[in-house]
Amino acid sequence: MASREQRGSVRTAVVWDALEAALADGPRDVVDLGGGTGGFAVRLAESGHRVRVVDPSPDALAALARRAQEADLEVSGLQGDVTDLVDVVGAGSADVVLCHGVLEVVDPVLALDHVAQVLRPGGLLSVVVGQRHAAVLARAMSGNFGQARALLDGVENVDNRTGRRFAVGEIEELLDGAGFATTTMHGVRVFTDLVPAALVDIEPGAVAALIDLERAVAERPEYFHLAAQLHVLARLR
């Protein structure tokens, strides 16, 4: 039976593939904005990167500290958010910034401006955002037709739980306007959210097969509109 960790690996495998390839040439100074309890930060620290997590939640940062201690790793936890990011970590202090699941719930223009300030020239930004068209489909399939229509027409924050969603062109335009050049884009969770959890949990080999399928379509633009999320790597110009 698939464990919770295995199911989590299905949801993040594509992102990790891209990040590990981009960071393969040596340790980097990494800032994980909104990194919470350290799901990405601790694994990056295990690979030798110097990681600081910036998060507004003291409870999340306490959990991060316990997680890092259990792994015998040093990960800095700093309380803050996009509004005071530059003050918290310092201008030009990072080679890499992770911004996963953040732009949906903050002012994305302000956030990207502050991220650009903390990155060194040529620095790498990893962005994960919710993708609008998959959200339209998910809401329609669950019978929330009004929410589906609002998302279809681009209405932001149609529910407080998930915030805004982005189409491919919208996130590319935002990044370009903030001084970033997109290097790669991947569709994340193209099929995962559509597959019954019971099937993945019970069927032998289902987790590995689903991860393989997600990897096979991740870079194919024709599947981006089905992806629950988009993962973009971009360089500061």
With +1 assigned to the C-beta of every Lys and Arg and -1 to the C-beta of every Asp and Glu, and no other charges, what is the dipole magnitude of the range 86-237 about the Cα centre in debye, to the nearest 20? 40
For the chain, set up a Gaussian network in which alpha carbons nearer than 10 Å are linked by springs, and say which option among Val86, Val195, Val30 fluctuates the most. Val195
The chain, accessible area per residue, ligands and nucleic acids excluded (1.4 Å, Å²): 48
Using a 1.4 angstrom probe on heavy atoms only, work out the carbon and sulfur share of the accessible area of the range 51-173 in %. 49
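For the range 1-136, rounded, prolate or oblate, judged on the Cα gyration tensor with a ≥ b ≥ c (square roots of eigenvalues), a/c < 1.5 rounded, else prolate if a/b > b/c? Could you put the intermediate results ahead of the total?
Values: a/c = 1.32, a/b = 1.11, b/c = 1.19.
Rounded is the answer for the range 1-136, as its axis ratio a/c remains below 1.5.
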Contact order relative to length of the chain, as percent, for alpha carbon pairs under 8 angstrom and 6 or more apart: 22
With Cα extents along the principal axes in Å as the read-out, I listed (i) 60, 51, 32; (ii) 52, 43, 37; (iii) 46, 41, 33; which label goes with the value calculated from this structure? (iii)
Considering only the chain, what is the antiparallel percent among its DSSP beta bridges, to the nearest 5? 45
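Of the peptides 197-208, 171-182, 48-59, 140-151, how do they stack up when ordered by the mean number of other Cβ atoms within 10 Å, highest first?
Values: 197-208: 12.8, 171-182: 16.7, 48-59: 18.3, 140-151: 14.4.
Highest mean packing first, the order is 48-59, 171-182, 140-151, 197-208.
The values are calculated or read from the model by the stated rules, or taken from the named source; none is laboratory data. Source: prediction; values computed, not measured. Using ideal geometry, Cβ is built from the backbone for each residue, glycine included, and neighbour counts are taken over all protein chains shown. The protein model used for the area step is the full one, side chains on, heavy atoms only, and it has no ligands, DNA or RNA in it. Shrake-Rupley method; radii C 1.70, N 1.55, O 1.52, S 1.80 Å.
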